[in-house]
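Participant: Just dropping this structure here.
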Amino acid sequence: MDTRNLKKREWLEFTFQNTGEAIRFPVGTIYGKNPGPTMVVVGGMHGSEFCGIQAAIDLFNEVDPVNLRGTLVICTIYNLPAFQNHMGFVVPQDGRNPGGTFPGKLNGTFSEVMAHHLNEHVLSQADYYVELHGGDIPESLTPFVMCPLTGNAEVDQKIDEMAEVYNIPLIIHRPVQASDKPASGFTKVALRGVPAILTESGQQGILNMDDAKVHLTGLKNILIKLGMMDGQIMNTVRRTYLDARAAIRSPIAGYWVPFVHLNQKVAKDEVVGEIRDYFGARLMEIRMPDDALVTVVRTSPSVGVGNVLVELHSIVRHE
């Protein structure tokens, strides 16, 4: 069958052998009228990050195969069980964060088997890959693009080019290695020599159409940059480059009260919040480990041991 100039909707379906449960991915494929590379886009890695999901859906519906060179493969919602249960971060069946399950295992836990099938049947097609995130239920964040640094100069340059046209102000570089096992899907794809980025726009598990549009604009910019579509790249932001990502995690359970806000520059040893007991008495102060920029703040007061309270990055340079 000649697939040129075709838009296809399908469910990829597999079985989790331990329980017989279905593993299902909604995947849309757009076959361009003319030849070109294949770009894979995945939304809903975390099922309650709705802005990335909305952007994936919008991209599928808005791109016309007549105007596309190459192929666009879009998994609109990867973590469907979390989406259907309105659950943050994890796969409900095993409590695993899918960001640490790739490349997956065919005989592993539910989330590992999910990762295996997406890796084998979707990510394996990619010449370029974009993983869409959107700020989960308990967190506020400022939009950013995460760039894995693989050590392959050619791949890393293409990754930077994708990030720089996404029209998001913060670009974060994070070194990755093949020994990082398991890991996020976008890092594993990049280590295979395929340019890949993770993008964040949205927060607190809210579907904000403006935040979704940030993703959609960035995705279209990449398609134009890769020569897969014609058009004008939108460039409206001043970029700041960051590295040295760190997360402050709660050492105890309690009631979290943050004192900092997004995009705030905070100095080493500065108090960024405190954990209280359920009568409001302070249990402990949370201090900065170093000078950094605040990019993520937990907005839910409910915290358990190991929950991320604040994420930080050091500023390398401004554009």
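The values are calculated or read from the model by the stated rules, or taken from the named source; none is laboratory data. Everything numeric here is computed off the predicted structure, so don't read it as measured data. Methodologically, a virtual Cβ is constructed for each residue, glycine included, from the backbone with ideal geometry; neighbour enumeration extends over all protein chains shown.
Participant: Restricting attention to the range 255-282, report how many residues are surrounded by 13 or more Cβ atoms within 10 Å (Cβ to Cβ) and of a type outside the set (S, T, N, Q).
Facilitator: Residues meeting the conditions: 14.
Participant: For the range 264-284, enumerate the residues that are in contact with a strand residue (DSSP E or B) (Cβ under 7 Å, 6 or more places away or on another chain) and more than 28 Å from V316 (Cα to Cα).
Facilitator: Across the range 264-284, the qualifying residues are E274, I275, R276, D277, Y278, R282, L283, M284.
Participant: Another one. Taking interchain pairs and intrachain pairs at least six residues apart, which have beta carbon atoms under 9 angstrom, with the first residue in the range 238-253 and polar (S, T, N, Q) and the second loosely packed, with under 15 Cβ neighbours inside 10 Å and part of a strand (DSSP E or B)?
Facilitator: Listed pairs, sorted by first residue: T240/V316; T240/R317; T240/H318.
Participant: Looking at (1) within 22 Å of D210 (Cβ to Cβ); (2) in contact with a His (Cβ under 9 Å, 6 or more places away or on another chain), which one does F14 not meet, given that it meets all the others?
Facilitator: Only one criterion in (1) within 22 Å of D210 (Cβ to Cβ); (2) in contact with a His (Cβ under 9 Å, 6 or more places away or on another chain) is unmet by F14, namely (1).
Participant: Based on this model, can you work out whether E131 counts as closer than 23 Å to V237 by Cβ, in contact (Cβ under 8 Å) with a residue 24 or more places away in the chain, in contact with a Leu (Cβ under 8 Å, 6 or more places away or on another chain) and surrounded by 23 or more Cβ atoms within 10 Å (Cβ to Cβ)?
Facilitator: Judged against the criteria, E131 is a match.
Participant: Can you tell me which residue among I224, I252 is at pLDDT 95 or above, surrounded by fewer than 17 Cβ atoms within 10 Å (Cβ to Cβ) and closer than 30 Å to D269 by Cα?
Facilitator: Going through I224, I252 in turn, just one is at pLDDT 95 or above, surrounded by fewer than 17 Cβ atoms within 10 Å (Cβ to Cβ) and closer than 30 Å to D269 by Cα: I252.
Participant: Filter the range 141-167 for residues that are over 19 Å from L226 (Cβ atoms) and of a type in the set (S, T, N, Q) and give the result.
Facilitator: Hit for the range 141-167 is T142, nothing else.
Participant: Here is a check on your reading of the model: is L80 in the same structural domain as I159 (by TED's automatic domain parsing), free of Cβ contacts under 8 Å to residues at least 24 places away in the same chain and over 14 Å from the mean Cα position of the chain (by Cα)?
Facilitator: Criteria not met by L80.
Participant: Before we move on, is V130 hydrophobic (A, V, I, L, M, F, W, C), part of a loop (DSSP other than H, G, I, E, B) and closer than 22 Å to T71 by Cβ?
Facilitator: No; evaluated as a whole, the condition is false for this residue.
Participant: So E154 passes all but one of these: (1) closer than 22 Å to D243 by Cβ; (2) touching a helix residue (DSSP H, G or I) at 6+ places or on another chain (Cβ under 6 Å). Which condition number does it fail?
Facilitator: It fails just one condition, (2).
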